[in-house]
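Here's the structure, in structure tokens; my notes come after.
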Amino acid sequence: KRVFKHVKFKEKIQYNSKYFISSSIPSKELIANDSIINKKFVPFQKNINSRRTEAKRSILVQVQSAQSYKELYSYCSSFGNVTQMFHYTTGIEPMHFILVEFKNESDVVSTLSSSTFVEGNSTTPVNSQFLWFRSTSKKITKSKHKNAALVIEDGITPMTNDRIRETLQKCNNVTEQILTLYNNTKMTDLECRLRFLTARQMELSVYGMFPHARVLPFGSSVNGFGKMGCDLDVVLTLKDNKEDSSSRLVFHCKDSGVDRSSNLRNLEVFGDLLQLFLPGCARVRKILQARVPIIKYYHQFTDVECDLSMCNVSGVHMSDFLYIMGSIDSRVRPLVFAIRKWAQEVGLTNSSPGRWITNFSLTLLVLAFLQGPLHSPPILPSLNTLVKSAESKDSFITDEGVNCSFLRDIEKLHFSSVNIENLEVLLCEFFEYYSQFDFKSKSVCLNEGVPLTKLDHSALYIINPLERGLNVSKNVSLEELEKFKFAARNAAWILQSEESTNTSNWGLLSIFDKPNKKMAFSVSRNKNERLMQVKQLFEEEDNTDTGHSEVDNRRT
Ligand code: GTP
Ligand code: MG
């Protein structure tokens, strides 16, 4: 193994495949904060189900200020058993909200049935778990407040970039920086609750007409790679395909079609429903030309950007796969966070869709790297290993015929890695690996865990693990791929040079500057040539970033 110069304090951290075992832990607090470590693995579906029932037991109430919680507690306690309350603010003129969790779903039912609508010509009464708490002139008895407690106040404000930088500067080594970044930017419990409540609103609103409707979150909100403020991807399904053959009375239903155009028409109707009736849903946009058509909207109460699609349940299984990969080894998620952050800082990723690499593709690149072949034995298994270990209950084939069968419970996985490299080494190796990867002739394949020969001329070819005929990164242009390779080479170079330790922006922070700034003083070999390259690759982007269409390239 190479020795990396920038290691400030050499430490030996040992990992195993499922649990993090550390002989010299960088900081006890860091480890204690990490929810994965030393916790029993909870399968994805179980996790989703418990979050969904948690949402059914919750309401979201707009209040005057955090201090309203005592009165709210007292008021809600007359309808049911309040277990937890979380406060946060959102908006420029801050709106205060308290999420109230009850013990039982029936508590929410009785609370909602005791709630009212304000009289007025312009509003249509709509049922939802979003309410506001109006003031009263009645005297409130103080004794009822004694059990009230806020779990959290001002719960969804992310750390500013400056604050993150300051925190990272204080770390002892790069591994600690990566863990700190992860622990301070990953999605919080409250944010997760708000996302499931947002999905619940849509589900509840169509329940009367579609009793089997489910609105399922997928993507980074649930796959373990979500950071604070990430978007919410949800898929709406209207049927569950469970028929009771013993029943003789059968509902009459209209034939709604199964083709793309009927799917589009239905999605449009739900878009209108959101726009016209559902409280909090704003900036509704229909993006119907994309391969997976979506309705985008912003939820003003939960402060979440949402992408609603229909029938695309393979996205949920993909999230399950990513969740499993992130749970197998405790280094995976922090490493993905560091690499996503790096890509964002150096301008490789962009919040709007286009020819650039997406967070999803980046995550797959990291997972493929951890499957080998650099590591012997690898840190992560191939998808084929999970497929071979699948049991009958893991068998899923979507309506579109996508086979999503693979082992869901990693406790039953016969795979272990004795790889003990720390995050700092892995980060460097990632950059080295992809700066030298033969993108011209090879594709990245998570099914086999090794690169395969490319099937077409796409610049970057990442085989969709669940639909092997598709390339996840088909949207990436050759220029963007070159930028990625160049930035990766540059990051590896910086991390191994003195530059990364000599400034206050050391270690992880040293690779967050765009290459053009850094390279100007750090490169001696082929300086002119490399400067020209950087100039071309990174300065051009200012002229080209704007004005591209909002056609989503996902699911290519
Ligand atoms: P961020 O939202 O950037 O935090 O990450 P994300 O993983 O949620 O990505 P995104 O919102 O773009 O996509 C949501 C999910 O849709 C992903 O996690 C994938 O499961 C799926 N997805 C996104 N892009 C593609 C694609 O190109 N092909 C396929 N098959 N699925 C995709
Ligand atoms: Mg997303």
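Just so you know, all these numbers are worked out from the coordinates, no wet-lab data involved. Here the structure is a predicted model, which means the values were calculated and not measured. Glycine also receives a Cβ, built like all others from the backbone with ideal geometry; neighbour counts cover every protein chain displayed.
Stretching the chain fully between V450 and I397 yields a gain of 16.6 nm (0.36 nm per residue, less the alpha carbon separation). As a length-normalised measure over Cα pairs under 8 Å and 6 or more apart, the relative contact order of the range 112-225 settles at 27 percent.
Spin-label model, V118 to Q344: label points 7 Å out along the Cα-to-beta-carbon direction sit 3.6 nm apart.
Could you list, in their original order, any pairs among K254/K286; K341/K483; K46/K412; K56/K103 whose Cα atoms are separated by more than 22 Å? Listed pairs above 22 Å: K254/K286.
When you filter the GluC sites (Glu not before Pro) in the range 165-255 for DSSP loop state and at most 15 other Cβ atoms inside 10 Å of their Cβ, you are left with E243.
Which log10 I(q)/I(0) values, to two decimals, does the range 404-502 give at q = 0.10, 0.17 Å⁻¹ under the Debye formula with one point per Cα? After summing over all Cα pairs, the log10 values are -0.39, -0.94.
Give the calculated FRET efficiency between V250 and T160 to the nearest 0.05, with a Förster radius of 41 Å applied to their Cβ-Cβ distance.
So the FRET efficiency works out to roughly 0.10.
Looking at the range 361-469, none of the chymotrypsin sites (Phe, Trp or Tyr not before Pro) sits in a DSSP loop with at most 15 other Cβ atoms within 10 Å of its own Cβ.
How high is the FRET efficiency between D272 and S135 when r is their beta carbon distance and R₀ equals 25 Å, given to the nearest 0.05? It comes out at approximately 0.15.
A full extension of the chain between S261 and L238 corresponds to an added length of 6.6 nm, given 0.36 nm per residue minus the alpha carbon distance.
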